[in-house]
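The values are calculated or read from the model by the stated rules, or taken from the named source; none is laboratory data. As the structure is a computational prediction, the values presented were derived from the model and not from experiment. In this analysis, Cβ positions are derived from the backbone assuming ideal geometry, glycine residues included, and neighbour counts consider all displayed protein chains. When the accessible area is computed, the model is the full protein with side chains, heavy atoms only, and any ligands, DNA or RNA have been set aside. Shrake-Rupley method; radii C 1.70, N 1.55, O 1.52, S 1.80 Å.
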Amino acid sequence: MDAAFTAEQHEMRRTLREILGKRCGPDEVRAAVRTAAGHDHELWRQLARQLGLPGIAIAEEYGGVGCAPADLALACEETGRALLPSPLLATAALAAPLIAALGTEAQRAALLPPIAAGALTAALAVPGTALATALALTGDNVPGEWAGGGRAGGVQATSGEGGPRLYGEVSQVLDGHSAGLLLVAAHTGGFARSRTLLFLVREDAPGLVRARQSTLDETRPQGRIQLRDVPAELLGDGQGDVPAALAATGRAAAGVLAAEAVGAAEQALARTVDHVRQREQFGRAIGSFQAVKHRLADLYVQVQAARSAAYYAAWDPEQGGLALAQALEALRITSGEAIQLHGGIGFTWEHDAHLYFKRAAADELLFGPVHRLRAHAARRAGLFDPSASATGSATGSASASATGSATGSASASATAVPPTTATESTSTERMAV
C-alpha cells in the first residue's frame, strides 16, 4: 500500500488551508456562530464552488467530485484546524452517505446533485441523545432500542392518505435548525411489527417546528425539531437494512471526525508553542524550561499517534471507532494543557484556547465518551464475551476503559503508519523552544 498523499491531495490541503487562513480566524469564527444559521454562508458557497467540498465523497454521476472518504477526512483535518463552523459534517459525512446507500435512484438523482453543489444542506435526526448508538459507535444499534422501542418517545410514523406522517420531537440535531433537508429516524408498523426507517422531511413541511439550541460548543450548532403531523417521504423502498447503513455511515464518519479532531489538536498545540516561545518569566522564555518542554513533547507524540490512527481509519473504516477514541482523547488532553500553559490568561473564558476545549468536550458528548468507543470496539473484536450478563457488561465496560486505553490506543497508533512522516512538515514539528 502506498500511503503517501497524491499531488492533488496536497494541493487540496494547501488551497483549503489558505482559504480558511484568510476567512476563518478566531474572530470570524465567533462572528459566524452568532448568525441565525450558525455558519458563514458566503464561505460555505466559496468552499463548494472552488473545492467542491460538500461533494468530495459523492459519485461524479451525481455531480460530486468522486473522491474516496480519505479525501473528505483530509479536508476535515483542515476544517478542524480552523474550527470551521459549517454544515459539512452533518451534510457530507452523515446525510449524503445514507441517501446514497438507501435512497431510490430517483431520490439520489434529485438530492445528491444539489448537496454536492452546496445548494442543499441536510441533517440526520435521531431521537434523544442516541446519535453515537444509532451510528453503532458506542453500542449495537439494535432496531428500535435506541429510538424508543416503538413505545412512547422517539418519533412515530403513521400512514396517511398523502403518505407517511411523522409525530414526535428530536432535541439534538446537528445543524437541524438550518438544514434544508432532514433525515428523520422514526418507528413505523406499531408495537407488534415495529421497524426503524428513515424519512425525508423538507424544511418548509407543514407542522415542522425548529429552534436552535444553546450548546457548549457554538461551532457545532444544534437544533431541536418538533414534528406535528408532518408529511414525509420514505427514504428508499422500505426494504433496505437501515441499521446496517447507519453503522457503515458511522464507521466512515468516525474516521472523518478523528481527522477533524487531530487538526484541532495540532492547531491548539501550535498556538501553545507560539505562546511559550514569547512569554517570559524570570528573564527567559517559559518554553526554555525543561518541565514545559517535556509536557509539549508528550502532547506532540500524542497528536502524531492520533494522526496515524486517523489516517489508517480513513483507509480502513473498520478502525474508525478506535481512531476516533484516540483523536478525541488527544484533543481533550491537548486543549486542557493549552489552557494551563497559557497561564492566567488561558483560564479566561474568552481566550481562544477555550474554543478548542469546548470542541473537545462537545464532541465527546455527541460521539463518545472515549471509554465507550473503546469498549464497543473491543467487543466487536471479540475481546469480551458477547453473551456476558448485565453485570458483566458493566464490568466489561469498565475494563475496556482501562485496558482499551492501552490496547486500543496502542494498536491504532502502532499499526497505522503516518503517511505525512516524510512528506509533510507541520508547525508543531518545529516546536523547539
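In 10 Å bins starting at 0, how do the alpha-carbon pair distances of the range 1-85 split up by percent?
Percent of pairs per bin, in order: 17, 47, 28, 7, 1.
Please name which of Ala378, Ala323, Ala360 has its Cα lying farthest along the dipole of the chain towards the positive end, using unit charges on Cβ (Lys, Arg +1; Asp, Glu -1) and the Cα centre as origin.
Ala360
What does the highest-first list of 319-327, 360-368 look like by mean Cβ count within 10 Å? Spell out each step's value before the answer.
Values: 319-327: 31.8, 360-368: 20.3.
Packing proxy ranking, top to bottom: 319-327, 360-368.
In whole Hz, what ³J(HN,Hα) sequence does the range 223-233 give by Karplus (6.51, -1.76, 1.60; θ = phi - 60°), x for Gly and Pro?
Each residue of the range 223-233 in turn: x, 9, 10, 10, 10, 10, 6, 8, x, 9, 10 Hz.
Calculate, for Val301 and Ala211, the FRET efficiency according to 1/(1 + (r/R0)^6) with r their C-beta to C-beta distance and R0 45 Å; round to the nearest 0.05.
That pair, Val301 with Ala211, gives E of 0.55.
What does the helix-only formula give at 222 nm for the chain: each DSSP H stretch with n ≥ 4 adding -39500 (n - 2.57), the total divided by the residues, and the result rounded to the nearest 500 deg cm²/dmol?
Calculated at 222 nm, the ellipticity per residue is -15500 deg cm²/dmol.
Counting only protein heavy atoms and using a 1.4 Å probe, what share of the accessible area of the chain belongs to carbon plus sulfur, as a whole percent?
It is 53 percent, rounded to a whole number.
Hey, got the dipole for the chain? About the Cα centre, +1 on K and R Cβ, -1 on D and E Cβ, debye to the nearest 20?
That gives the chain a dipole magnitude of about 860 debye.
In debye, nearest 20, what is the charge dipole magnitude of the range 303-360 about its Cα centre with +1 on Lys and Arg Cβ and -1 on Asp and Glu Cβ, if you could check? All intermediate terms of the calculation are to be shown ahead of the outcome.
On the way: 4 positive and 6 negative charges, 14 e Å.
Computed about the Cα centre, the dipole is about 60 debye.
Under a point-charge model restricted to the Cβ atoms of Lys and Arg (+1) and Asp and Glu (-1), what is the dipole moment magnitude of the range 1-157 relative to its Cα centre, in debye to the nearest 20? Let's see the in-between values first.
On the way: 12 positive and 16 negative charges, 103 e Å.
Dipole about the Cα centre, nearest 20: 500 debye.
Compute the semi-axes of the equivalent ellipsoid of the range 296-349, taking the square root of 5 times each eigenvalue of the Cα gyration tensor, and list them largest first in whole Å.
27, 11, 6
Please list, short to long, the whole-number percent of alpha-carbon pairs of the chain in consecutive 20 angstrom bins beginning at zero.
Once binned at 20 Å, the Cα pair distances of the chain give 26, 57, 16, 1.
List every residue whose amide H lies under 5 Å from the amide H of Gly176, counting only residues 5 or more places away in sequence or on a different chain, with H placed 1.01 Å from N in the peptide plane.
Gly223
Select from the chain the helices, each a whole stretch of DSSP H, whose alpha-carbon atoms run 30 Å or more along the helix axis and whose Kyte-Doolittle mean is at least -0.5; answer none if there are none.
242-278, 290-315, 320-341
What does the accessible area per residue of the chain come to in Å², with a 1.4 Å probe and no ligands, DNA or RNA counted?
Details: 18330 Å² over 433 residues.
Result: 42 Å² of accessible area for each residue.
Cβ neighbours within 10 Å, averaged per peptide: list 116-127, 223-234 in order, most packed at the top.
116-127, 223-234
Quick one: what Rg and Dmax do you get for the range 197-286 from the alpha carbons, in Å?
22.4, 71
If R0 is 35 Å, what FRET efficiency do you get for Arg34 and Leu383 from their C-beta distance, rounded to 0.05? Mind dumping the intermediate values first?
On the way: r = 45 Å, r/R0 = 1.30.
Result of the calculation: an efficiency of 0.15.
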